[in-house]
Amino acid sequence: MSAPSIAAPVADRSEQAFGAGEPDAPAPRRRRMRTPDPEDTGHHNWWLTGLMIFLSLSILVPMYLVVVTALKTPDQLTGAGFSLPSPARWQNFADAWTLTSFPRSALNSALITVGAVTLTLLTNSMVAYAIARNMHKKLFKGLFFYFIAALFVPFPILMLTVAKLTAQLHLDNQLGLILLYVVFGLSFNIFVFVAYIRSIPRELEEAAIIDGANTWTVFWKVIFPLLRPMNATVGIITCVWAWNDFMLPLVILSDPGDATLPLQQYIFQSTFNTNYTLAFASYLLAMIPLLVVYVVAQRWVISGVTRGAIK
């Protein structure tokens, strides 16, 4: 018998070892198809662009007419409304300043607006915090829906009753007007505050309680600073409402010396109902302080939201 040949297995092993040492050929890589971005390809949503242009014109065109009319003379109003004044009559602003008693009426409006905004932010945020953290209880849940239901009650239904009650309580003055702004804005403010507070983690409050803080300390040191973006939003809404409101001051205020800017402009319009140039000049004068406040507060809202997103 002949011995088994071992040459073939050895050769196979040597070939396997030699082949294992060679690097494999790289497999062809497949390029991943990237979804085209509309911004990269240059495509635009023309329907949305057209809507934005239309909405911008709906604001810019009336604003242009107000400015142009305020700089014209009564004789120039007979022509086209879009024509520029030639020459511009800046004296209209000085006349409107005097006839509307602008310094005194602007001061009255500023006092009422600042008081309403301050009390609204302090009181409404506390009520919303109590409701948001006790929503599992029937009492607080019922209070929440009670406040929300008040949004659907129109003010003219309550107007005569409110006027009578404020007169009986001797609140037919600026203080009573401030309290009414706080009360009537409670429904909407509770709605937005509660939704925002419920998004704040409870762990922040629990950590403060472990450190020895009570409920008041938790609210003022933890919750209220976190409400800065929402406070700015509520403050803007309340400021615009209190500054431009006409109905509540007309019904509540009994002293002519407490008249706000909208009331003075109403009296001015009823007295000089044909002199639109002075009327539009007075509107621009009343608009300037509110525009400044709005621009500053709007930047505050954006910065607060950005800081909250980074955190």
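The values are calculated or read from the model by the stated rules, or taken from the named source; none is laboratory data. All values derive from a computational prediction rather than experimental measurement. Glycine also receives a Cβ, built like all others from the backbone with ideal geometry; neighbour counts cover every protein chain displayed.
Could you check segment 56-88 and list, in sequence order, the residues that are assigned to a loop (DSSP other than H, G, I, E, B) and small (Gly, Ala, Ser)? Listed by number, the residues that qualify are GLY79, ALA80, GLY81, SER83, SER86, ALA88. Of all residues being among the aliphatic types (A, V, I, L, M) and crowded, with 17+ Cβ neighbours inside 10 Å in segment 84-126, which is farthest from the chain's Cα centre (by Cα)? Just the residue, please. The residue in question is LEU99. Only one of the listed residues (ASN92, ASN134, ASN108) is in contact with an Asp or Glu (Cβ under 7 Å, 6 or more places away or on another chain) and of a type in the set (S, T, N, Q). That residue is ASN108.
Those helices (runs of 4 or more DSSP H) of segment 151-217 that lie entirely within it include none in which at least 3 residues are farther than 30 Å from LEU111 by Cα and in contact with a strand residue (DSSP E or B) (Cβ under 8 Å, 6 or more places away or on another chain).
Return only the number of the condition from (1) modelled with pLDDT of 85 or more; (2) over 26 Å from PRO156 (Cβ atoms); (3) of a type outside the set (Asp, Glu) that THR274 does not satisfy. Evaluating THR274 over (1) modelled with pLDDT of 85 or more; (2) over 26 Å from PRO156 (Cβ atoms); (3) of a type outside the set (Asp, Glu) leaves (1) as the failure. Taking segment 238-262 as the range and being hydrophobic (A, V, I, L, M, F, W, C) and either in contact with a His (Cβ under 8 Å, 6 or more places away or on another chain) or more than 18 Å from ALA286 (Cβ to Cβ) (or both) as the test, the residues that pass are VAL251, ILE252. Determine whether segment 41-55 contains at least one residue that is of a type in the set (Gly, Ala, Ser) and modelled with pLDDT of 85 or more. Yes: segment 41-55 contains one or more residues that are of a type in the set (Gly, Ala, Ser) and modelled with pLDDT of 85 or more.
Annotation: SER254 fulfils all but one of (1) of a type outside the set (Val, Ile, Thr); (2) surrounded by 15 or more Cβ atoms within 10 Å (Cβ to Cβ); (3) assigned to a loop (DSSP other than H, G, I, E, B); the unmet one is (2).
Inspect segment 223-245 for any residue being aromatic (Phe, Trp, Tyr), modelled with pLDDT under 90 and within 18 Å of PHE102 (Cα to Cα) and give the result as yes or no. For segment 223-245, residues aromatic (Phe, Trp, Tyr), modelled with pLDDT under 90 and within 18 Å of PHE102 (Cα to Cα): absent. If the condition is being surrounded by 11 or more Cβ atoms within 10 Å (Cβ to Cβ) and aliphatic (A, V, I, L, M), then segment 62-83 contributes MET63, LEU65, VAL66, VAL67, VAL68, ALA70, LEU71, LEU77.
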